[in-house]
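Quick notes on the structure that follows.
A short reminder: the numbers here are calculations on the coordinates, not readings from a lab. If you're wondering where the values come from, they're calculated on a predicted model, not measured in any experiment. Here the Cβ positions follow ideal geometry from the backbone for every residue, glycine too, while neighbour counts run over all protein chains shown.
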Amino acid sequence: MQESLKERITDHISAAEVLMAQIRSEFPGVVTKVRPQLLADEDIGVEIYAPKDIWQEVDMRAAELSLQIQLETGIFVLPFVYPMESESEKRR
């Protein structure tokens, strides 16, 4: 039986780690990192870089996970989802 979010999440960092791990498992091509703490002490941000062809899907899933974490634990993880540049765009 899988642990509940309340059992897995003990603080802001673990909330961010759970969200990032779930996104990476569902969308293996993404890159994630924790942002510095936001304005409110109870918030934490996560940056997610996704391939352009799926970034909107990743954005929607990250928002769903964020809401689920907040409802179950009271911790708000704000996901910032950006489309990745292609290799050709990076060389310009």
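Things worth noting here:
- For the pair Arg24 and Gln56, label points projected 7 Å from Cα toward Cβ lie 2.7 nm apart.
- Viscosity 1.567 mPa s, temperature 4 °C, Stokes-Einstein D of the range 5-84 from Kirkwood C-alpha radius, µm²/s: 105
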